[in-house]
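These notes concern the structure reproduced below.
The values are calculated or read from the model by the stated rules, or taken from the named source; none is laboratory data. Model, not experiment: these values are computed from the prediction. Every residue, glycine among them, receives a Cβ derived from its backbone with ideal geometry; neighbour counts consider all protein chains shown.
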Amino acid sequence: MRAFTIALAYLLDLSIKDPQVWWHPVRLIGGFIAVQENVYRKLIRSELLGGLLLVCVTALSAFAISLAAVWIAAQLHWMAAFMLDATLIYFSISPSALAQEGKAIHRHLASGDLDAAREALCMIVGRDTAALDQPAITRAVVETIAENSVDALLSPLFYAAIGGGPLAIVYRTVNTCDSMVGYRNERYELFGKASAIVDDVANFIPARLALAFIPFAAFLCGMDGGRAFTTGLRDRLKHPSPNSAHGEAAFAGALGVQLGGPSVYGGVLKVKPWIGNARREIGIHDIPKAVRLLNATAAVAVIVFTAARFLLV
């Protein structure tokens, strides 16, 4: 029965999406990270050690609390444990919220409101958005959907299949540490290194599984699954991160567009390699296509990982 917590978590994500409430686990984890950073910077001279302590303490605390909560729920009733485990998995994924954000930006672009599109985009990407034109905005949205098909979907479900809700929450914790401190800048170059490395390790297998899930989902959507696979295999390492280009390359192949290229971050131009082949110019219609591919990937992943957990438990 526990195997179906993944399917229930996905149904919750489809129906409730990502609630913006103060008690959301990711928000609580983010607050815990912020408190620890302030404490460790004051008490520990070595930034590397402080950053390592941050990711270890945060991940172990999240695992211990989640595991204890599920155990206590199981003492009350098996259904309570089932629902809590599914809820933890639900809080670790966010494909519906990602799709919703993509659709909102698409509506702004379709109505010609570039300012509103840029404003919405800056909430989900790290690059500067003020000067982006329509193709650049579209490319940024598709890239975000593609990259997060691993971080917000495949990775947490992969760990949920192995260890249920508690392990999925541990992954989300590591990913949150990386998103908050894992930057290569003056403030976080040393302090965030441990979080960045642990996040890279955690995503290593799921990112490579994306080269199977996304092409198959593309085939189901009537897109070019073969090109998604070959482009994904060819361009999967064209990114500073060892994992980020896997999803982007597969999406680029499925859609027949180019992603990546130069972007401005904090006023500094960063030139990244182009991913995919420019079979045509990217257009705003590629956003709903990317959303459809994300949804298909989610459905495939839920079925596969539910089956995997059924075998493991």
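Go through (1) loosely packed, with under 13 Cβ neighbours inside 10 Å; (2) more than 20 Å from Gly165 (Cβ to Cβ) for Ser15 and report which single condition fails.
With (1) loosely packed, with under 13 Cβ neighbours inside 10 Å; (2) more than 20 Å from Gly165 (Cβ to Cβ) applied to Ser15, the lone miss is (2).
Of the residues Ala104, Ala64, which single one is touching a helix residue (DSSP H, G or I) at 6+ places or on another chain (Cβ under 7 Å) and not basic (Lys, Arg)? Working first, answer last.
Values: Ala64 fails: touching a helix residue (DSSP H, G or I) at 6+ places or on another chain (Cβ under 7 Å).
From the options Ala104, Ala64, the qualifying one is Ala104.
Identify all residues within the range 174-201 that are over 12 Å from the mean Cα position of the chain (by Cα), in a helix (DSSP H, G or I) and in contact (Cβ under 8 Å) with a residue 40 or more places away in the chain; write none if there are none.
Cys177, Met180, Val181, Lys193, Ala194, Ser195, Val198, Asp200
When you scan the range 50-165 for helices (runs of 4 or more DSSP H) that lie fully inside it, which ones turn up with 1 or more residues that are in contact with a Pro (Cβ under 7 Å, 6 or more places away or on another chain), under 23 Å from Ala301 (Cα atoms) and among the polar types (S, T, N, Q)?
78-92
Quick one: Tyr183 ticks every box in (1) more than 16 Å from Ser149 (Cβ to Cβ); (2) surrounded by 20 or more Cβ atoms within 10 Å (Cβ to Cβ); (3) not hydrophobic (A, V, I, L, M, F, W, C) except a single one, so which number is it?
With respect to (1) more than 16 Å from Ser149 (Cβ to Cβ); (2) surrounded by 20 or more Cβ atoms within 10 Å (Cβ to Cβ); (3) not hydrophobic (A, V, I, L, M, F, W, C), Tyr183 is out only on (2).
Yes/no per residue for (1) over 26 Å from Thr5 (Cβ atoms); (2) free of Cβ contacts under 8 Å to residues at least 24 places away in the same chain; (3) surrounded by 21 or more Cβ atoms within 10 Å (Cβ to Cβ):
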position	(1), (2), (3)
Trp22	no, yes, no
Asn38	yes, yes, no
Lys42	yes, yes, no
Leu54	yes, no, yes
Ile72	no, yes, no
Leu88	no, no, yes
Pro95	no, no, yes
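Only residues that are hydrophobic (A, V, I, L, M, F, W, C) and at pLDDT below 95: list them for the range 242-256, please.
Pass one, the range 242-256, residues hydrophobic (A, V, I, L, M, F, W, C): 245, 249-252, 254-255.
Once the filter is applied, which keeps residues that are hydrophobic (A, V, I, L, M, F, W, C) and at pLDDT below 95, the range 242-256 yields only Ala245.
Can you name the residue in the range 264-313 that is touching a residue at least 60 places away in the same chain (Cβ under 8 Å) and at positive phi and, of all such residues, is surrounded by the most Cβ atoms within 10 Å (Cβ to Cβ)?
Gly266
Do we have any residue at all in the range 147-164 that's surrounded by fewer than 16 Cβ atoms within 10 Å (Cβ to Cβ) and out of contact with any helix residue (DSSP H, G or I) (no Cβ under 8 Å at 6 or more places or on another chain)?
no
Going by the structure shown, is Lys238 surrounded by fewer than 22 Cβ atoms within 10 Å (Cβ to Cβ) and touching a strand residue (DSSP E or B) at 6+ places or on another chain (Cβ under 8 Å)?
Details: surrounded by fewer than 22 Cβ atoms within 10 Å (Cβ to Cβ): yes; touching a strand residue (DSSP E or B) at 6+ places or on another chain (Cβ under 8 Å): yes.
It is true that Lys238 is surrounded by fewer than 22 Cβ atoms within 10 Å (Cβ to Cβ) and touching a strand residue (DSSP E or B) at 6+ places or on another chain (Cβ under 8 Å).
Does any residue of the range 251-262 turn out to be among the aliphatic types (A, V, I, L, M), assigned to a loop (DSSP other than H, G, I, E, B) and within 28 Å of Ala168 (Cα to Cα)?
Checked the range 251-262: no residue is among the aliphatic types (A, V, I, L, M), assigned to a loop (DSSP other than H, G, I, E, B) and within 28 Å of Ala168 (Cα to Cα).
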